[in-house]
Every structure is written in C-alpha cells, then in structure tokens.
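Heads up: the structure comes next, in structure tokens.
Each reported figure results from applying straightforward, stated rules to the coordinates on display, with no laboratory input. All figures in this text were calculated on a predicted structure; none of them were measured in a lab. All Cβ positions, even for glycine, are placed from backbone atoms using ideal geometry, and neighbour counts span all protein chains on display.
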Amino acid sequence: QVQLVESGGGLVQPGGSLRLACAASGVIFRRYDMNWYRQAPGKERELVAAISSDSKTNYADSVKGRFAISRDNAKNTVYLQMNSLKPEDTAVYYCHARWTLQFWGQGTQVTVSS
C-alpha cells in the first residue's frame, strides 16, 4: 500500500519559516520524481517545487530564492524548507510522487498571517 504522509504545516507570521516533510512508504522512493504542489482557496493547484530522482530541482517563480526542496532517499522523505513566508503562500500543500505511476499525499495546511 502506497502512502505519502505530509507533516510540518501550521500557522506562521509573515517573514517566518516552516519545513514540510513528506514520508513515503510502499514505493521504491529513489526512483520517483518528487514534487510539492499547493492549492489556495478558489485557485488551481500549482506546482511549487520539484526534485527529480537524480536530485535536479525546479521552482515556481513565486518561490524562487525562498523555498528549497530536498530529499533523503535513506529516509524515503522529501522536504520543503520555506523561508520568508508571505500571506500569499497560504494554501494546502500536497506531496506528489511520479514514476511509472503517481501518488498524492493528503495535504497539510500552511497559513501565513499576523
């Protein structure tokens, strides 16, 4: 059974930081490209950051220089370090795994507000 379990979301003030984690089970993690998406109320789900199986990274323009994606294949976990958070970063953040199949996590809420 494949599971992607996100953690680390919460409420943070503008300018603050959060680190999201996504623990995968039931997959050969090192073969999967891993992505973080987010969806704000009333908006389409958008790709925030991506890391390939060989650890190449890509970011949405809106988060470049503030967010960093990384992976630990020994722990079957992908991370999203989010710094200098803005109110517009408020969304549900989803972990996504893609290789021959694709899987989604259940999402974790990130709220940036004073």
In Hz, Karplus ³J(HN,Hα) per residue of segment 50-66 (6.51, -1.76, 1.60; θ = phi - 60°; x = Gly, Pro): 9, 9, 7, 5, 9, 6, 7, 10, 9, 9, 5, 4, 5, 10, 4, x, 10
Segment 19-96 - Rg (one decimal) and Dmax (whole number), Cα, Å: 12.3, 37
Under a cut-off of 24 Å between alpha-carbon atoms, report the lysines in cross-link reach of residue 75, not counting same-chain residues fewer than 8 places apart. 56
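What are the GluC sites (Glu not before Pro) within segment 1-104 that DSSP puts in a loop, where the Cβ has at most 12 other Cβ atoms within 10 Å? Could the numbers behind the result be given before it?
Working: sites: 6, 44, 46, 88; in loops: 44.
Taking segment 1-104 and a limit of 12 other Cβ atoms within 10 Å, the loop GluC sites (Glu not before Pro) found are 44.
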